[in-house]
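The values are calculated or read from the model by the stated rules, or taken from the named source; none is laboratory data. Here the structure is a predicted model, which means the values were calculated and not measured. Here the Cβ positions follow ideal geometry from the backbone for every residue, glycine too, while neighbour counts run over all protein chains shown.
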Amino acid sequence: MAKPPKTSPTPTLAQQMTELGELVEQLEDPEIELETALKLYEEGVKLSTAIQKTLEEAEQRVAQVTQDGSVQEEAPSEEL
């Protein structure tokens, strides 16, 4: 019987960037195994993509406010 997936709160941008920095440090280890490095790299790419998406959304919100002074009322998806 399959368990329902666990839902964890979305990490903040700062948490994601810290995690990405930690991944980079691990990848810089000259003793790292190839398979481990590949898994860490894949995780880093996913984190980088999520960070980029968050930053693009923030940029769009800033542009919207700057353009016409309107503020979109929405529940914050993530802390900046």
Hey, any hits in the stretch 1-18 for a residue that's in a helix (DSSP H, G or I), more than 12 Å from the chain's Cα centre (by Cα) and modelled with pLDDT of 95 or more? no
Cβ-Cβ distance below 6 Å, separation of 6 or more or different chains: which pairs start in the stretch 1-17 with a residue that is closer than 20 Å to Thr49 by Cβ and among the β-branched types (Val, Ile, Thr) and end on one that is in a loop (DSSP other than H, G, I, E, B) and at pLDDT 95 or above? none
